[in-house]
Amino acid sequence: MKKGNLNSFELIVVVLMLGQLFVPATSLAQEGQSIEGKLVHKDSGEPVIGAPVQLDGELFVVSSEEGVFHFENVAPGWHRLTIDDPECAPFEVRIEVIAGKSIKLEYALDPRGKDEMEEMVIKSERLELEVSNTVLELDEVGKIPGTQGDVLKIVENLPGVARSSGAVGNKGGGMGAMAAGTGYGIVVRGAAPEDSRVLIDDHEVPLLYHFGGLKSVLNSDILKRIDFLPGGFGAEYGMATGGIVDVRTRPCTHKQYDGYLELSMIDASFMIKGPISEDVGFIAAARRSTIDLWLPSVLEGIAGFEMTMAPVYYDYQLKLDWSPSSEDRLSFFAFGSDDRMEFLLSKPPSGDPSLRGEFSIGQFFHRLHLGWVHASPLDWQVRISLVGGYDSSNISMGNESRYIRTDIPHMGLRADFEWQIAKRWKLKTGVHWTLTNYDVTLRMPQPLKEGEVRGPIETMELLEGSEEALIWYGGVYASCSFKPTENMVLTGGVRADGYYGDLTSDWAIMPRLSYKYEPWSGTIFKAGVGLYQQAPTEDELSKTMGNPKLIMERAWHYSVGYEQELPFDSYLDFNIFYKEMDRLVSTDPDDKYLNDGLGHALGMEILLRRDLADGLFGWLAYTLMRSERKDRFSDPWRLFDHDQTHILTLVAGYRLPTGPIMPNHGQRDGWEFGLRFQLVSGNPSTPMVGSVYDSDYDVYQPIAGDTNSQRLPLFHQLDLRVDYTWAFTTWALTLYLDIQNVYNQQNVEGVKYNYDYTEKSYYTGLPIIPALGIKGSF
Amino acid sequence: MRRILLLVVLCTAGCAGQFDSATLVERLRVLGVRAEPPSVSLTDDVELSALVVDPTGGGRSLTAAWRVCPIDPREPNAACEEQNSYPVAGDQLSLNLSIPELVAWLAEKGIDPHEIPLPELTLQIALEVRAGEESVKANKRLKLLLDEEAPGNQNPLLDGFLIDGEAPGAEPIIMTAGSLHTLKPVVGSGSREWFLPANEQEQVQEEHLFTWYSTGGSFLDGRTILDTDNAGNSLDTNEWTLPEEPGIYTMWLVLRDGRYGIDWLAADFEVLAQD
């Protein structure tokens, strides 16, 4: 099994081996070659009695009344230890026995019903992680208020991530940009949304959220782990100058059926998982929005607006895993998403009278993954996956007077090889390849770039036509980790990425280096530097919409940091980062786009986190940051569109169980409370300082002041959530209330102007929104 | 949840109108700029005029500064800067532009229209109107016909309007405060021309767009078009709710043909208190 896929118990063992104290455990060298272990229940600390423990699938013992087990005369080398207690989640770990030494271990087992991969403990393998990496423990973060139980949205609450507010006001041009901007990305360490990648089981998806942020396109319950890498990541990740969200789905290794049905004011969903045979398991989930059932009535009576088709989204996931041997796992994973909305605007915005008529937004994608993982007992692992997909979007405005339709079939292959060459040396290498067929038909103005503002859409020159382009993307990487001592890891890697298509091609080699040092238990110093490059987007490379001669955008990442374990199951993670960006795509009057843009971002991140213990978890994340851009060398520096000087997020959850754990589903009676508070600097804004009347179109062309020279007011919001679960013998019922914007703060999200730009006011965000939901699980 | 609702809320907020409608004229404004003809040969002259309204100015004098700029095709909406423009002699709201003199100036700037291998060249006309300390700016485009065979455009003709289906009588037209009336433009015959768009094979007919303004009351729509919907209903009519306050009000109706052609009319209304 790959190191990065360790379950919580394996991680505990890693912790033990590192001599850490996060979970009560010790690792003592003794005379002889034996393994002695003690098993306790994680929740109660009581010994696990009579648990079957196997070594290498052969030697078999049962834990004593003290929860203790022994294996004597164990041969030196690596061994596989498995525990399959009926009351606890299955557990498997690999242990190295050194000649002449014995190991003494203590394991804290989860109650049965939680997936073995679910309880990822963030601290356990910190020395092995990237310089900047936050791993989300899915069980604890699933009920953070304001996220509707969506764990992918939790990423937005981590350090280095700007608060997203959508494209509003004159930034990107109101409706047009809002429509075109549906969907993708987070703003990480001052990078544009399109600079970061979201990977699902190693392959990119075109869309992270339904309707640009409503909910993520993957059901949280099929996810196993999310690695958030805001910068300075290793050579295995390519085509990103921002950050990486690396999402892993659950393996289907279940021994019993379980699942749930859920209904809320946002959507209705189900999930079921279980075994098909001894070696084959499955997970199936699907979801449909329920907003369309109530939103039209809320919006009824608004003059000039008619919701002809309320927002509807679907998504589905089906995964099958087959483990033909203990070393191999084959997987089949199909998933997809579909978003649609239509409305009629009879009274257009004041500054853009042509924005009227029917508007529609439709976007879908489908993916099929085939994967194979082989973990050799000789300390190497290979992971190969093949993916095929189809992405499509259709956006039209003003009775089809402006539209853009894209169809993108594609296929890709990725192979990764990981080898523990020796105790202190580890090698990772891999290749990936993607073939994309980009088919676009449009009648639309050129999309605005970051920092630009526009006037009325009616006066903008239309790009019109259709185009089909075949683009190959490929990459190869190798990295090597060296541990000169047990408490130090030095990782060096190099990566080459490139793309090739009609009239367009470029490639780059990128070195990356990181260093982590644990001078004493619980304290880690870290540093990293690397070069990151990414291909321009398909529309930027398009003959119709862009410039095929563009080359890859580039960013150097530098970071230093410090991690410190603290009392009460908490720890501190502190990072300082700097990014130097060049060759950024910026608009040009002759060539539409050129690689003339420059940028830099400097910041500091603090994460003070308490892991789930005694029912309480949470974190305080603070980011101090400044991100600037200029569109060409001769321009002055200006603020980046999403520059937010201060980003403070407080997240807390508390569980108050009132009953025993029910063995069938692992749940118990009780309350859960969640809180999220955000305090964030307002986004930069470009003031409009005048206008000129365009007599031919009867609109006013705004005269913009200095780009992003003003800032919107401070944002602050409190969200709360409360759950109560009734745990019956065979199933459990949970009722929850998720309240966004509890004190109904009128947060400013953008600026709007009157028809001739002589008056302005603010767009404000959503008012208080209580959402009620019910979930039955078995 | 956040962004989709935000999208809807922002959209509707934009439509709901926290601001006064553009149809309500309360200060110095330019409502239209006309070139007669809107496309002109290199040897003719053009009559420039502007519909400038100053309802609260108390009859103060208005002065106009006219300039002409070549349009940079890379930045078609760029401002017409004074240092790179041709100043038109005179400060009236209506004056004559000599195209031969303009062509000579363009040639001096390295843009000789005679040498350009295109059927037409589009120029920008910039107008700045001053009234005391106030000033407003406006632009319009003018087409120079470089090919003598190229068909030119004509300004549309707005003959008048109907109120509740009938032609109004002598001005001021007397109406009742707060009353609702249907207004329908009357377009001159032959006004809506057929033309061959660039890169097209078949001729199409101009789209006539009407824009409505007044010093009081409110219109159902700021714009209407000379067309019918699928059910055959006319889309050029508008509804005007007269102000509650008695007094003299002015209504302006501007017609555009989508090819830089324009015409307008104005009418005064005396609004009387309800009985």
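A few comments on the model shown:
- Three principal axis lengths of the range A:349-428 [C-alpha, angstrom, descending]: 69, 25, 12
- Under a 5 Å amide H cut-off, with hydrogens placed 1.01 Å from N, A:Ser63 pairs with A:Gly50, A:Ala51, A:Val53 among residues at least 5 apart or on other chains.
- Derived scalar couplings ³J(HN,Hα) [the range B:175-189; Karplus, 6.51 cos²θ - 1.76 cosθ + 1.60; whole Hz; x for Gly, Pro]: 9, 9, 4, x, 7, 10, 9, 9, 10, 9, x, 10, 9, x, 5
- FRET E, pair A:His374, A:Ala268, Förster distance 51 Å, beta-carbon r, rounded to 0.05: 0.85
- Spin-label model, B:Glu82/A:Leu733: points 7 Å from Cα along the beta carbon direction are separated by 7.8 nm.
- Computed with every protein chain present, the accessible area of A:Trp419 is close to 90 Å² [probe 1.4 Å].
- A full extension of the chain between B:Asp45 and B:Gln92 corresponds to an added length of 15.3 nm, given 0.36 nm per residue minus the alpha carbon distance.
- Estimated from the Cβ-Cβ distance and a Förster radius of 51 angstrom, the FRET efficiency linking A:Ser709 and A:Thr308 is about 0.80.
- Placing pseudo-labels 7 Å out from each Cα toward the beta carbon at A:Tyr562 and A:Phe60 gives an inter-label distance of 5.3 nm.
- Angle between chain B longest axis and helix B:2-16 axis [Cα atoms, degrees, rounded to 10]: 80 degrees
- Inter-centroid distance (Cα atoms) of the range B:21-93 relative to the range B:121-171, Å: 9 Å
- Degrees separating the helix B:99-108 axis from the principal Cα axis of chain B, which is the longest one: 50 degrees
- Estimated inter-spin distance, B:Thr182 and A:Leu462, nm [label 7 Å along Cα→Cβ]: 3.2 nm
- Residue separation of A:Thr645 and A:Leu572 scaled by 0.36 nm, minus their Cα-Cα distance, works out to 24.2 nm of gained length.
- The tail of the calculated P(r) for the range A:615-764, taken as Cα-Cα distances beyond 25 Å, holds 55 percent of the pairs.
- Taking a point 7 Å out from the Cα of B:Leu265 in the direction of its Cβ, the residues of the range B:160-181 whose backbone N falls within less than 11 Å of it are B:160-163, B:167-169.
- All-pairs Cα distance distribution in the range B:116-183, expressed in whole percent, bin size 5 Å: 4, 10, 12, 11, 8, 10, 17, 13, 9, 4, 2, 0
- Extended-chain gain in nm, criterion 0.36 nm per residue less alpha-carbon gap, A:Trp78 and A:Gln746: 234.5 nm
- Hz values of 3J(HN,Hα) by residue in the range A:443-456 - Karplus curve (6.51, -1.76, 1.60), Gly and Pro given as x: 9, 7, x, 4, x, 6, 8, 3, x, 8, 10, 9, x, x
- Distance from the range A:697-745 to the range A:500-542 (C-alpha centre basis), Å: 33 Å
- Legend: residue pairs A:Lys543/A:Lys630; A:Lys428/A:Lys543; A:Lys215/A:Lys775; A:Lys630/A:Lys752, Cα-Cα distance threshold 28 Å; pairs beyond threshold, A:Lys428/A:Lys543.
- Principal axis dimensions, largest first and in whole angstrom, of the range A:430-579 by Cα: 63, 36, 23
- Once the mean of 1/r is taken over each pair of separate Cα atoms and inverted, the protein assembly as shown shows a Kirkwood hydrodynamic radius of 32.3 Å.
- Per the Debye calculation on the range B:205-275 with a single equal scatterer at every Cα and no solvent contribution, log₁₀ I(q)/I(0) for q = 0.11, 0.15, 0.25, 0.27 Å⁻¹ amounts to -0.34, -0.58, -1.10, -1.19.
- On the basis of the beta-carbon distance and an R0 of 60 Å, A:Ile774 and B:Glu239 show a calculated FRET efficiency of 0.80.
- Of the whole protein surface, B:Thr43 contributes about 110 Å² of accessible area at a 1.4 Å probe radius.
- Computed on protein heavy atoms with a 1.4 Å probe, the accessible areas place A:Leu541, B:Leu146 in the order B:Leu146, A:Leu541, largest first.
- Probe 1.4 Å, all protein chains present, accessible-area order of B:Leu157, A:Leu207, A:Leu737, largest first: B:Leu157, A:Leu737, A:Leu207
- Between B:Gly190, B:Ile174, B:Leu48, the Cα set farthest toward the positive side of the dipole of the protein assembly as shown (charges on each charged residue's Cβ, about the Cα centre) is that of B:Leu48.
- Residues in the range B:146-166 that a label on B:Asp112 would reach, taking backbone N under 19 Å of a point 7 Å out along Cα→Cβ: B:146-148
The values are calculated or read from the model by the stated rules, or taken from the named source; none is laboratory data. Everything numeric in this text was worked out from a predicted model, so none of it was measured. Cβ atoms come from the backbone with ideal geometry, glycine included; neighbour counts cover every protein chain shown. Accessible surface is based on the protein model in full, side chains and every heavy atom, while ligands, DNA and RNA are left aside. Shrake-Rupley method; radii C 1.70, N 1.55, O 1.52, S 1.80 Å.
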